[in-house]
Structures are given as C-alpha cells and as structure tokens.
Amino acid sequence: MHLLARNGPLAGTTVTLADAVTISAAESGAPICRVHAEGDGFVLEALQEGMPVFLNGLPATARPLAPRDELRIGDSLFIVAADEIPVPSTLTPCIVTEGTATDGDSALKATFDLTLLSSPPAGSRRATREEHELSMLTKAAAVLSSIRGLAGLDAAVAGLILDAIPVQRVAFADGDERSATVRSAWSAGAQSSTPMRVDTERVAFALRERAATVVEMNGAQAIVSPMMAFGRANGAVWAEASPGTALDEQHVQLLLVIAALSAVAREQASETARLEETNERLRADINIEHNMVGSSRSMRTLFDRIARVARTDSTLLVRGESGTGKELVARAAHRNSPRADRAFVAINCAALTETLLESELFGHEKGAFTGAIGLKKGKLELADGGTLFLDEIGELPLTLQAKLLRALQEREFERVGGTRPIRVDFRLIAATNRDLEAAVKEGSFRQDLFYRLNVITLALPPLRDRPDDIPALAEYFVRKHATRSGRRVQGLHREALDRLTKYHWPGNVRELENVIEQALALGMSDRITLEDLPLLLSTTASRRLGSLNYHETVEGTKRDLILRAFEEADHNHTAAARLLGVHPNYLHRLLRNFDLRRTLSASAENPD
C-alpha cells in the first residue's frame with residue numbers, strides 16, 4: 001500500500017507503507033502521525049493534538065486505511081493506493097547492460113529483418129505449432145485485457161513472451177528513432193550472473209523503421225521488435241534466446257503480434273492511469289477545504305457518530321445554526337460511506353424559486369415548458385448511486401415536499417413533463433437550521449416527510465458552546481488562507497487568540513473563518529495581532545453594532561434596506577421592489593430568508 005501526495009508541498013511524493021512508517025513535520029521534526037501494519041492492512045495513528053490529521057474529512061486518532069482514502073497531513077493531501085499486481089513467481093528481474101555494436105569486441109549481426117506490414121511467410125507448418133501459437137495469442141488477449149496497472153504489465157507480457165517463444169530473457173525499452181533506454185528486464189527462472197546486453201542502436205532502428213530484427217551476438221540470437229499502437233511505436237522488446245537456440249520468421253511474427261497487443265494495452269493503461277490521477281487530483285481539490293476541526297467532547301462525539309452512521313444507507317438529517325458546518329458533515333458522511341466513489345450532489349432549497357427548484361431536483365423533458373429546449377437530468381438522477389444533499393430542506397415548498405416524499409419511498413420519480421418513471425438509488429442527507437417540529441405544527445412542512453427524514457439526526461453544536469475548539473479552528477484557517485493572501489504567518493498572538501475565545505460568534509465557524517481571512521489581508525507582521533482583528537469583535541462593540549462578520553454585516557444592511565423600502569412604499573410589495581431595484585419574486589425570497597414577514601406585518605399594523 002502507498003500514500004500518493006496530490007496537493008501541498010509534498011505533491012508528487014510517494015510513501016511506501018512498511019511495517020511502521022512515521023511522518024514528521026519538516027521544520028521541527030516532530031512526529032505527526034504513524035502508520036503501522038495490523039493484520040492484513042494498515043492503521044493510521046495521530047501523534048499530536050496540535051497538528052490534526054484528517055482521514056476523509058474527519059480528524060483521525062486511530063483508524064484503518066483503505067484504498068482511495070484521502071489523508072490530509074498538514075498542508076499535504078495523500079491518496080491511499082493499493083499495491084500493483086505482483087510479479088509472477090516464475091520471473092525474476094534481469095541485469096541489463098546497454099550499448100551498441102561498436103561498444104565491445106563481440107560481433108553482432110542482423111540475421112534478417114521483418115517489417116510489421118509484411119505478410120506471413122509462406123509454406124506449410126506443423127499443426128502442433130500452429131495450435132500452440134493460436135493458444136498463446138488467445139492467452140495473450142485474455143491476460144492483457146485483465147491488467148489495469150502499468151506496473152504489472154511488463155511482467156505479464158514478459159511471461160507471455162517466454163511461454164510463446166523459445167527465449168530465456170526479455171527486456172522492454174522506451175525511446176524514439178534516435179535513442180532508447182531499457183525500462184525493465186526479465187528472466188525465466190533464476191537470475192543469470194551474466195548481464196543481458198541490449199544494443200540501443202538496434203532498438204532505435206526497430207522504433208524508427210517499425211521493423212523486427214533477429215540479431216546474433218556471441219552465439220546467441222535475439223529478436224528486437226517494435227511495440228506498435230495506433231500507428232506509432234511506444235516502445236520495443238528485446239527477446240534473447242539461449243546459445244544454440246535458432247529463431248525463425250514465425251517466432252518474429254508471433255512476437256510482433258504479442259508486442260502490438262501489449263502496446264495497445266499499455267496505451268490504454270497509461271490513459272486510464274492519467275484519467276484516474278486527474279480524477280483523484282480534482283476530487284482532492286474539491287475536498288481539500290472540507291475537513292472538520294475540533295477536539296472538544298461534543299465534536300469528538302459528533303465525529304464518532306459520523307463515522308458510524310456513514311457506513312449505513314439510512315437517511316440523515318443534519319440540524320444546526322447557520323455557519324456551523326452542516327455541509328461539511330454531509331460531505332464527511334459521504335466520503336466515509338460505501339458510496340464515496342460516486343457523486344455527491346448538493347442543492348440549496350432556499351436559493352431557487354419553486355419552478356426552477358422542481359426542474360433542478362427532478363429534471364424536465366424537452367418542451368415541458370417555455371425555454372425547455374432539451375432534456376435535462378435533475379439532481380436526483382445525477383445522484384444515482386451516490387449521495388443527494390438537500391440544504392435548507394425546511395424551505396422546500398409543500399408541492400415539492402410531496403414529490404420528494406414519493407421519490408424517497410418508491411425510489412422513483414418522473415421528470416417535469418415526463419410520463420415514464422425513472423428508478424434511482426441514492427442516499428439522502430438533508431440539513432436545516434429551522435425548527436421542523438414547529439413548522440409541522442404550523443402546516444408549512446409535511447409531517448410524513450419529517451418522519452421520513454428524521455431517521456438519523458446529527459445536531460451540530462454552535463461555536464459559542466465549544467470555545468475550546470476556537471484556537472485549533474483559528475490556526476487551521478490561518479494555514480488555509482495564508483498562502484492565498486501571499487503571507488508567511490506563524491499563527492496568532494495570545495491577546496488575539498484570547499479575544500477570539502471570548503467572542504460569542506453569532507455567525508459560528510463561518511464568521512470565524514471570515515475574521516481570520518480579513519486579519520490576514522490587513523495584517524503586516526508574521527503573526528495575527530489584536531490590532532489585525534476587526535473592532536466589532538470587541539465585547540462592547542459587539543453589543544453596540546453587532547457582529548463584525550462581513551456576511552452578517554451585509555445581511556444586516558440588506559434587512560435595514562428592505563424595511564426602509566417598505567416604509568417608504570407604504571408596505572406595497574411591488575413598489576418596495578421597484579425602490580430596491582430587484583424583481584418582486586426575488587424580494588419574496590429575501591423576506592423568507594431574513595424572516596421579515598412578521599416584522600413587516602407588525603409594522604404595518606402599528607405604523608406609529
């Protein structure tokens with residue numbers, strides 16, 4: 001098993017896991033984590049509380065590793081990869097020396113050349129040999145079609161060649177028409193004490209002319225064949241027989257075919273490896289900012305529950321105030337579930353109008369409504385096999401609640417304007433900051449849907465209830481945003497950290513992150529000082545002016561503007577929207593998001 005670094009200062013590094021591997025900090029040398037063998041696998045063990053180690057988005061203390069797990073250590077993100085296909089026991093690596101015909105005293109001569117495009121040699125052949133060669137080609141097709149990784153490909157092809165042709169040693173070379181380099185060599189049985197000499201000029205000739213050559217050196221013959229795929233040579237094979245063994249044109253023909261099959265397989269394996277690496281890098285880029293930080297008792301309990309419920313397929317309801325990290329919980333549950341390699345599809349139910357939300361959730365058929373110029377798959381369909389995350393589920397309109405309930409119960413739905421039911425398999429994770437029980441009593445949320453969602457509930461504690469986590473969160477956000485701000489910041493001064501700890505954080509973790517990002521942008525020293533923090537963060541200023549958080553300040557300004565517009569428009573909705581310069585439908589959504597309907601109703605009833 002290996003750890004492949006995809007992001008951070010160690011990007012491109014591969015760590016091979018042995019009995020025990022300790023990873024330490026580059027600057028201090030202090031051990032961060034340890035990976036040790038246990039049973040048939042490996043277990044990750046974090047060694048420092050001050051340097052959190054994340055496994056699939058969750059802080060890890062001691063957890064087993066599995067292929068495709070994402071391990072975040074400091075600023076580096078690793079992908080856990082399984083070992084490649086082992087080398088067959090009948091093969092041993094071979095010692096190789098590279099050279100040309102003029103490098104030594106031994107005479108090398110070409111017996112004959114055979115181009116790839118030439119026809120098979122004429123003449124009758126024994127049925128036993130034809131049957132053997134047909135059997136070897138069938139075996140080659142079966143073996144090459146079953147190999148995915150590049151590491152096991154050379155060994156498998158070498159085994160095929162040694163079985164099909166009377167040769168004892170095989171080497172594979174990379175290069176072009178000017179030069180070539182041996183990448184691996186294999187021998188049948190025990191390793192020979194005499195190195196196999198590969199003539200790089202002959203290999204370059206095979207690549208340049210797309211021709212196979214039989215050469216003779218010191219009484220032994222060897223076939224040099226190009227590996228052709230899609231009209232070009234992506235390598236060459238040097239197959240060497242033992243002294244006294246004669247090689248003929250039929251051997252060359254057979255090697256050319258095996259080499260061509262293996263070349264295509266190698267091209268496909270290379271492309272697959274490239275796509276998988278790109279996919280892993282993109283997934284790492286997406287997930288790198290979705291780690292959960294905290295060591296308080298409430299957060300440790302939450303992490304443990306996430307790890308346990310992630311293995312199930314039950315519907316999950318995440319509840320908590322705005323800014324507590326409900327989407328992080330959903331992503332962590334997905335990344336630690338059996339559906340981790342499938343899609344995580346998220347949608348905010350409060351961000352769209354009812355018509356658009358229905359189309360986004362369920363998709364639509366061509367011509368279902370004006371502007372539906374083509375078929376569109378909805379989020380439920382895109383989440384098939386994966387996880388569907390519905391944020392702000394409490395804002396879902398009643399009509400769509402009924403459709404969602406049916407989709408959850410029957411695992412099928414119909415697109416807007418469609419008549420054919422579509423089967424889907426997804427896990428639903430919903431989140432809300434509303435009191436759904438109260439919404440059920442008010443009639444704004446269906447009781448049957450609430451019971452369907454409330455299978456497993458995770459409640460996120462607000463940041464004010466876990467002040468012990470603020471230092472770790474602050475340090476995490478400093479490391480996260482320092483690179484973006486172009487600064488080298490070591491951390492926070494004690495006075496600044498004390499101010500952060502005493503603040504009540506109405507915007508929760510999101511507000512803390514915004515404060516740290518602002519302090520990094522405005523600060524000048526190598527540490528965040530008290531002067532770098534916003535004035536509104538002080539206790540007295542907070543009581544007088546409210547939160548310093550940029551997001552909350554903008555929201556407060558919006559609320560004041562909306563209230564003022566309704567006052568000047570004499571509580572006429574259309575006139576207020578005109579004064580604000582927004583569409584009336586958008587104003588309706590703002591009123592719902594800011595919960596201003598009651599305030600406006602009371603103001604209209606009591607204008608004085």
Discussion item. Of a type in the set (A, V, I, L, M), out of contact with any Ser or Thr (no Cβ under 8 Å at 6 or more places or on another chain), under 21 Å from Lys326 (Cα atoms) and not in a helix (DSSP H, G or I): is that true of Leu458 in this structure?
Written reply: yes
Practice prompt. Go through the stretch 467-534 and tell me which helices (runs of 4 or more DSSP H), entirely inside it, have 3 or more residues that are modelled with pLDDT under 80.
Written response: 470-485
Item to complete: Tell me, please, whether a residue that is buried (at least 17 other Cβ atoms within 10 Å of the Cβ) and free of Cβ contacts under 8 Å to residues at least 60 places away in the same chain can be found in the stretch 321-337.
Response: no
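Give the stretch 346-357 a look and list any residue that's touching a Gly at 6+ places or on another chain (Cβ under 9 Å) and surrounded by fewer than 20 Cβ atoms within 10 Å (Cβ to Cβ), or say none. Write out each step before concluding.
Applying the first criterion (touching a Gly at 6+ places or on another chain (Cβ under 9 Å)) to the stretch 346-357 yields 349-350.
Once the filter is applied, which keeps residues that are touching a Gly at 6+ places or on another chain (Cβ under 9 Å) and surrounded by fewer than 20 Cβ atoms within 10 Å (Cβ to Cβ), the stretch 346-357 yields only Ala350.
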Worksheet item: Which of the residues spanning the stretch 358-391 are buried (at least 21 other Cβ atoms within 10 Å of the Cβ) and among the aliphatic types (A, V, I, L, M)?
Response: Leu361, Leu380, Ala383, Leu388, Leu390
Item to complete: Output the number of residues of the stretch 484-522 satisfying the condition of being over 19 Å from Glu321 (Cα atoms) and touching a residue at least 40 places away in the same chain (Cβ under 8 Å).
Response: 3
Discussion item. Residues that are more than 30 Å from Leu405 (Cα to Cα), under 28 Å from the mean Cα position of the chain (by Cα) and of a type outside the set (Lys, Arg): does the stretch 456-469 have at least one?
Written reply: yes
Worksheet, complete the sentence: Residue hits (the stretch 497-531; within 19 Å of Gly294 (Cα to Cα) and among the aliphatic types (A, V, I, L, M)) are Leu497, Leu500, Val509, Leu512, Val515, Ile516
Worksheet, complete the sentence: Only one of Gly394, Gly367, Gly371, Gly385 is assigned to a loop (DSSP other than H, G, I, E, B) and either under 31 Å from the mean Cα position of the chain (by Cα) or modelled with pLDDT of 90 or more (or both), namely Gly385
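The values are calculated or read from the model by the stated rules, or taken from the named source; none is laboratory data. It should be emphasised that the depicted structure is a prediction, and the values quoted were computed from it without experimental measurement. Here the Cβ is made from the backbone with ideal geometry for all residues, glycine too, and neighbour counts use every protein chain on show.
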